[in-house]
1. Does region A:76-96 hold any residues that are more than 23 Å from A:Arg34 (Cα to Cα) and either in a strand (DSSP E or B) or small (Gly, Ala, Ser) (or both), and which are they?
2. Kindly indicate whether any position in region A:250-263 is surrounded by fewer than 21 Cβ atoms within 10 Å (Cβ to Cβ), of a type in the set (Val, Ile, Thr) and either within 14 Å of another protein chain (Cβ to nearest Cβ) or closer than 29 Å to A:Phe163 by Cα (or both).
3. Which of the following residues is part of a strand (DSSP E or B) and touching a His at 6+ places or on another chain (Cβ under 6 Å): A:Val73, A:Val118?
4. Consider A:Thr142 against the criteria (1) surrounded by fewer than 21 Cβ atoms within 10 Å (Cβ to Cβ); (2) closer than 30 Å to A:Asp19 by Cβ; (3) in contact with a Phe, Trp or Tyr (Cβ under 6 Å, 6 or more places away or on another chain); (4) not assigned by the TED database to the domain that holds A:Trp56: it satisfies all of them except one. Which criterion is unmet?
5. Given the options A:Asp144, A:Asp88, name the one that is under 22 Å from the mean Cα position of the chain (by Cα), over 26 Å from A:Ser333 (Cα atoms) and at the interface with chain B (Cβ under 10 Å from one of its Cβ atoms).
6. Please work out which residue is modelled with the lowest pLDDT, limiting yourself to region B:317-357 and to residues that are among the basic types (Lys, Arg) and touching a helix residue (DSSP H, G or I) at 6+ places or on another chain (Cβ under 7 Å).
7. Which of the residues that make up region B:96-111 are surrounded by fewer than 13 Cβ atoms within 10 Å (Cβ to Cβ) and either modelled with pLDDT under 80 or more than 30 Å from B:Glu61 (Cβ to Cβ) (or both)?
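The values are calculated or read from the model by the stated rules, or taken from the named source; none is laboratory data. Here the structure is a predicted model, which means the values were calculated and not measured. Positions of Cβ are backbone-derived with ideal geometry, glycine not excepted, and every protein chain shown enters the neighbour counts.
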Amino acid sequence: MNFSEVFKQSNQLCKVSPDGKYLATCVQYRLVVRDFNSLQIAHLYTCLDPVMHMEWSSDSLFILCAMYKRGLVQVWSLEQPDWHCKIDEGSIGLVSSRWSPDGRHVLNTTEFNLRVTVWSLCTKAVSYIKYPKACQKGVDFTADGRYMALAERRECKDYISVFVCDDWHLLRHFESETQDLAGLEWSPNCCVLAVWDNCLEYKLLLYSLDGRLLSSYSAYEWSLGIKSVAWSPSSQFLAVGSYDEKVRILNHITWKKITEFEHPATIINTKAVVFKEVEKRPVVGSEDLSIHQLTVDNSLFSTQSKYEITQLPAQVPVIKPDPDRANPKIGISALAFSADNRFLATKNGSFQVLSLFWHCSGSSLVLLSKEHICLCYVEAEEEK
Amino acid sequence: MLDSDESVFLVSPDPHPHSAELSSISGISMSPSRQNLHHSLHSTMALPKTSYSVLSAFCTEENISQCIAYINQEVCSLGLTGVSLESKSGSLSAVPVLNLLYEVLQLQRRAQRALHELETQQLKNGSDLEHLQHSNCRLKDQLEHTRRDNSGLHEGERQLQLKIKTLQNWLKSEKEEVQKLQSIISSRATQYNHDTKRKERECTKLKERLNQLLMDKRDKKLSIEISNHVGRSDGKRGLWKTGKMEARHEGEMYKALLSDYETRQRSLMMENSELKKVLQHMKKDMITILSPKKPEPANDSLEQAVSECEEEIGDPSRETLEQSCEQAREQLTNSIRLQWRKLKSHMERLDSQASLVASQEREGEEMMSRKEHEEEMQRMRMELQQCKEFIHMQQQLLQQQLSSPCDEETAALLNDCYTLEEKERLKEEWRLFNEQKRNFERERKNFTEAAIRLGHERKAFEEDRAAWLKTQFLNMTPFVDRKRSALSDSALSVGTEPEAKLQSTPPLVTKSLFSTPKAASVKMPSTADLYRTLHLIPDSRGHGKCQSGEMSTKSRLRNCSTDCSVLSFVRDENSPI
């Protein structure tokens, strides 16, 4: 394995372009674009302030740099390095900024979530969307980029607005039956919107594209509820991870639970394969080809650590979280389906994995902790 | 002076000699036995006056001193003062004797008193003992009672303990639940507090910002600076927002939804059809698994049954394709299975009955049919041979004619004529031959068509029979007698020879002819068809056989059921053929 030289970056802003040709990194107020294969600097841009957020447009032609403190967004073009664009939100401030799926509109969320401003790079037009909701995931675009769902809150009630991304025309606006909407996510086939409630109530609602309520699911009452939700790539399954350390899978025909996965502290399932990292501070990895529960504490440049298969029953070290704090660190915080619909990776509890995602081929899983990265290769078993 | 009359002695009325007297006296006087005492008392009491005779036994005038001595001895042993004897006169002074007597009386009284006391004491003791025994019994009973009560109380205590335990457990669980609920409440409360605080903080920030904005003169407007417009990602021109656009958007949305539903429905339909296919395959497999198990001779019957059942199953399967109701399909498959089982058992029974007879009969039939077939073939070959020979002869004659010598002119003329004639005749004959050939072809085609038609009709007949059988099975009724009489009538009414044959052998037919040329027919349909169709033309020979053939098929039907009306029914149907 070869390693390149180490490059500087700030704020963990380091992204590969969607077409895979370039690598963009931010160093303080500079934006460095490198050619991916040679890592030679292709372009260098200077922003007016330290960049807090950087994003590629979907067609890899533009890069957005947001500076929240000053309420500025600057857009750079790769084709024409002289082209520049600066969006100033003025005194209203800026909290988040993102691209629209067509790569020609910038959506800025102002401070206090007062409104979402839609800036068009084609026409310089501005649209406003009032009362957006500040929650875990209040905005979601469909996979084909045609529609956008936005959560709103007016007069202590939750609403969902569906916009057509072409011209930001409001297609549907309906009330959501949640107490306090925490997030929404489109299904990959763009026809179903999954909406889930705050952790104080376990409620998952499924709306169709035209705003009809298809089904609602609630596993239990009173205890803390949903923590994370993930669709399978074929839209057939919806995985719901909750604070009771269980993942429940719903099917898309009846929207009822077909199975649930537990994350017990002691793994006794005979089909589970537990990989344990052998190192100075052994932390357990685990198991089964259909569920992964892994933690990483390995530094990339230190001595190689091996992963051994431990005997069942295996004990997973559990750190009991402080129950008096809000948003306790228990429950399923991350879910990811592999692209071929065969595997589901989950992260339970207070393991230090910050994010997990699959490689698009579905053969390996990437785990990121604060300082480390780990790849897990999954052997595809021969199926009948 | 002691008078022998006045002396009274506490002695037993036993006039023994001295030693014996003494011993008896001493024994008696010493023994505290009650009875003796009583006796003695009574005796003394009873004999105060009449004891003289008795007393005189102890003391007489001769042994006074001895008596006195003895008495003194005794008295001394008792602790009383003795009686002194004034030996000079030989008489006792009365005073000491009286004193002695008095003391003895006192003694006796004392003794009596003691006795009395003892007796009373005895009585008391006895009564006490009784009393104690009674109380003992009573106490024992009481003890029993208390023991029982005790055990009962133990039992009750145990149950109460159990109850206590269960209540404690319940209490524990309730406490746990309360704790859980409390923890839930507390976590919710912390969450609420957290959210409230967050909102409050946001609120204060808003207020600050509002203040700031109100005070701040400079108001930074929001603006966008862009060096030049960027083209749209899809290269198209932007469109105005109009009502049509809105409608278009709506339409597109619904289209997307519809297409999704359609794909889903298609996949579900495919799944459904696959499952249906699997079900049908399973049914077929069931049939095939059941059929090969039978032995060889019974193959045809089974095949017939198989074909019957296939048809039977074929119908419901067609129905299932049309029906979409799950329950109806389930019911249908269940009914099919039941019917199949019934039929199978029935067929097994019939197989066992018919296998023995069938084998013999079948062989004979086959032999006969084969022989006839052979004969027919022979005949045809003979005819063919004859024709060939004839043609050959003709050709030879022609040759001879041509090669025979004669006058050139006349010969030539004649030859010409002859040749012409020959040619003409040949032509005629060729024409005839061709015509015949064409006729033959046509007839053969007719035969094959007839055979095919027959096959079709047989198939139709089979279907009808299957349906009829089904109805028969479904309503097995005791109409046998009525129909059997009908059969006999019909049998009598028809008046050709096979009928006679039939009449003569109805019992045989009912039991046998189970596997007949039909077997051959099933195995080699074409030849049997042709054979049968050929025999349709020569009435006398073939008709009978045909009838028998038909008979066999129908008889088989009859074997399948006890109802014989089929025969008549079927004959009517097949008579046009």
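1. Scanning region A:76-96 gives A:Ile87, A:Asp88, A:Gly90, A:Ser91, A:Gly93, A:Ser96.
2. Yes, region A:250-263 contains at least one residue that is surrounded by fewer than 21 Cβ atoms within 10 Å (Cβ to Cβ), of a type in the set (Val, Ile, Thr) and either within 14 Å of another protein chain (Cβ to nearest Cβ) or closer than 29 Å to A:Phe163 by Cα (or both).
3. Result: A:Val118 is the single residue among A:Val73, A:Val118 that is part of a strand (DSSP E or B) and touching a His at 6+ places or on another chain (Cβ under 6 Å).
4. (1)
5. Sole residue among the options that is under 22 Å from the mean Cα position of the chain (by Cα), over 26 Å from A:Ser333 (Cα atoms) and at the interface with chain B (Cβ under 10 Å from one of its Cβ atoms): A:Asp144.
6. In this case the residue turns out to be B:Arg329.
7. Residues satisfying the conditions are B:Arg109, B:Arg110.
For every residue, the table says whether it meets (1) of a type outside the set (A, V, I, L, M); (2) at pLDDT below 85; (3) under 23 Å from A:Glu111 (Cβ atoms).
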position	(1), (2), (3)
A:Lys133	yes, no, yes
A:Gly138	yes, no, yes
A:Thr142	yes, no, no
A:Arg153	yes, no, yes
A:Arg172	yes, no, no
A:Leu181	no, no, yes
